[in-house]
Amino acid sequence: MFKKLHDDGAGQVAVTIDGREVRVPAGETVAAAALIHGLLPFRTSAVSGAPRAPYCMMGACFDCLVEIDGVANRQACQVRVAEGMAIRRQDGAGAAAP
Ligand code: FES
């Protein structure tokens, strides 16, 4: 569905997406990395349970909220991937941060 226009040579990092270990381009946003690996939807809405996925990719719509390393409600389009990061789909408002 999505394809990079160029390879900047930054290499790859290992992350997990809903428990599945994958390699993603270093320097990419969590949203882009998760879209590359087919994470759809990213979350469900807190009120109706409707599926949501990234829309603006610039921090305005909040439809890309996911759990990252156990912390809910992170904007996937505003966070870059890091080695060992755990990314999870989020249901509703998400669990409170520990
Ligand atoms: S995709 Fe809109 S805030 Fe992340």
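The values are calculated or read from the model by the stated rules, or taken from the named source; none is laboratory data. Note that the coordinates shown come from a computational prediction; the quantities given were computed from them, not determined experimentally. Cβ placement follows ideal geometry from the backbone for every residue including glycine, while neighbour counts extend to all protein chains displayed. Note: areas computed on protein heavy atoms with side chains; ligands, DNA, RNA excluded. Shrake-Rupley method; radii C 1.70, N 1.55, O 1.52, S 1.80 Å.
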Among the candidates Thr16, Thr29, which residue alone is touching a residue at least 24 places away in the same chain (Cβ under 8 Å), more than 15 Å from the ligand (Cβ to nearest atom) and hydroxyl-bearing (Ser, Thr, Tyr)?
-> Thr16
Whichever residue in region 44-53 is more than 10 Å from the ligand (Cβ to nearest atom) and part of a loop (DSSP other than H, G, I, E, B) and, among such residues, is most open to solvent (accessible area, probe 1.4 Å) | Val47
Scan region 67-87 and give yes if some residue there is at pLDDT 95 or above, in a strand (DSSP E or B) and away from the ligand (no atom under 16 Å from the Cβ), otherwise no.
-> yes
For region 17-40, how many residues meet the condition of being open to solvent by 40 Å² or more (accessible area, probe 1.4 Å) and farther than 17 Å from Lys3 by Cβ?
-> 4
If we scan region 54-66, do we find a residue that is in contact with a strand residue (DSSP E or B) (Cβ under 9 Å, 6 or more places away or on another chain), more than 15 Å from the ligand (Cβ to nearest atom) and either open to solvent by 80 Å² or more (accessible area, probe 1.4 Å) or among the small types (Gly, Ala, Ser) (or both)?
-> no
Which pairs do you get when a residue that is without any contact (Cβ under 8 Å) to a residue 12 or more places away in the chain, found in region 49-60, comes within reach of a residue that is near the ligand (Cβ under 9 Å from one of its atoms) and in a loop (DSSP other than H, G, I, E, B), reach meaning Cβ atoms under 6 angstrom, with the pair 6+ apart or on two chains?
-> Tyr55/Cys61; Tyr55/Asp63
